[in-house]
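Working notes, structure below.
The values are calculated or read from the model by the stated rules, or taken from the named source; none is laboratory data. The model shown is predicted, which means the values in this text are computed figures rather than measured ones. Cβ coordinates were reconstructed from backbone atoms using ideal geometry, including for glycine residues, and neighbour counts include every protein chain displayed. Heads up: the accessible areas ignore ligands, DNA and RNA and are worked out on the full protein's heavy atoms, side chains in. Shrake-Rupley method; radii C 1.70, N 1.55, O 1.52, S 1.80 Å.
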Amino acid sequence: VLWSISAGEKVVRDRSREFYSSLVKETSININACRGEYEYDQIVVTPTHDVDAYNASVSALKSSEGFSIPSKNIELLGAKYVDLTTIYDTATGEEPGRFPDALVPIKALRNYNDTAIKANENQSIYLSVEIPLNQKPGLYKGTLTITLDNTVKTVPVSINVYDYQVNEETHSRSIFETGWMFESGELDATENTVRQYAKT
């Protein structure tokens with residue numbers, strides 16, 4: 001089974017698909033992006049039988065005007081999972097499970113023979129795209145191909161590039177809380193020291 005969900009949703013490996021039923025979208029990759037930014041989308045694989053190895057590839061992404069997004073700007077990543085056996089923040093109502101942690105290039109996972117999926121467990125696959133600053137605006141389409149042992153599945157990919165550019169440099173400052181009072185360990189615990197911590 002292939003299904004789609006927001007890229008920002010962490011899909012727990014050993015949690016049923018029904019748990020996410022209110023969040024499941026049409027099975028496709030749909031990305032809206034501006035020139036000069038990265039964007040992601042996520043497909044989840046939940047096989048009905050054990051899979052020894054999975055793989056994924058994506059075709060060229062082209063617009064109806066004949067423009068394309070360079071293949072070097074597209075990357076496929078697989079989620080790696082970590083076992084969380086104790087939930088300390090009990091107010092969330094969260095339960096233990098195998099939570100997604102790192103996103104690793106699928107090529108690297110395959111090099112280490114780390115692409116097995118057990119039956120009825122979830123495997124998230126992410127498509128990451130960097131839109132070049134000179135990319136022509138428009139709708140780019142292609143196909144994501146997912147191979148599960150000898151079974152091949154395809155998913156439509158659509159990337160809508162807006163006629164808007166994200167600046168390469170930003171000058172807005174961030175706010176850093178120093179509530180843990182790192183500065184108290186200094187010999188000079190003055191306001192000036194606090195400000196130095198906030199800057200770094």
Shape of the chain from its Cα gyration tensor (a ≥ b ≥ c, root eigenvalues): rounded if a/c is under 1.5, otherwise prolate when a/b > b/c, or oblate?
-> oblate
Surpassing 22 Å at the alpha-carbon level, of the pairs LYS10/LYS118; LYS107/LYS153; LYS72/LYS136; LYS107/LYS136; LYS10/LYS80, are LYS107/LYS136
What is the spin-label model distance, in nm, from ALA53 to TYR162 if the labels are put 7 Å beyond Cα along the C-beta direction?
-> 4.2
Quick one: grab the alpha carbon gyration tensor of segment 51-124, order the square roots of its eigenvalues as a ≥ b ≥ c, and give me rounded if a/c is under 1.5, else prolate or oblate depending on whether a/b is larger than b/c.
-> prolate
How would you order 77-83, 99-105 from highest to lowest mean count of nearby Cβ atoms within 10 Å?
-> 77-83, 99-105
Would you work out the relative contact order for segment 1-101, in percent, from Cα pairs under 8 angstrom that are 6 or more residues apart?
-> 31
Using amide H atoms built 1.01 Å from N in the peptide plane, name the residues 5+ places from LEU133, or on other chains, whose amide H lies under 5 Å from its own.
-> GLY36
Excluding ligands, DNA and RNA, what is the solvent-accessible area per residue of the chain at a probe of 1.4 Å, expressed in Å²?
-> 64
Determine, from the Cβ-Cβ distance of SER21 and LEU84 and an R0 of 25 Å, the FRET efficiency 1/(1 + (r/R0)^6), rounded to the nearest 0.05.
-> 0.65
Estimated vicinal HN-Hα couplings, Hz - segment 4-19 in sequence order (Karplus 6.51, -1.76, 1.60; Gly, Pro = x) | 10, 8, 3, 4, x, 8, 8, 8, 5, 4, 9, 10, 5, 4, 4, 4
Going by average Cβ neighbours within 10 Å, how do the peptides 130-141, 13-24 rank, with the highest at the top?
-> 130-141, 13-24
Pop out the carbon and sulfur fraction of the accessible area of the chain as a percent, whole number, probe 1.4 Å.
-> 48
Rounded, prolate or oblate: which one fits segment 84-172, using the alpha carbon gyration tensor with axes a ≥ b ≥ c (rounded when a/c is under 1.5, else prolate when a/b beats b/c, else oblate)?
-> oblate
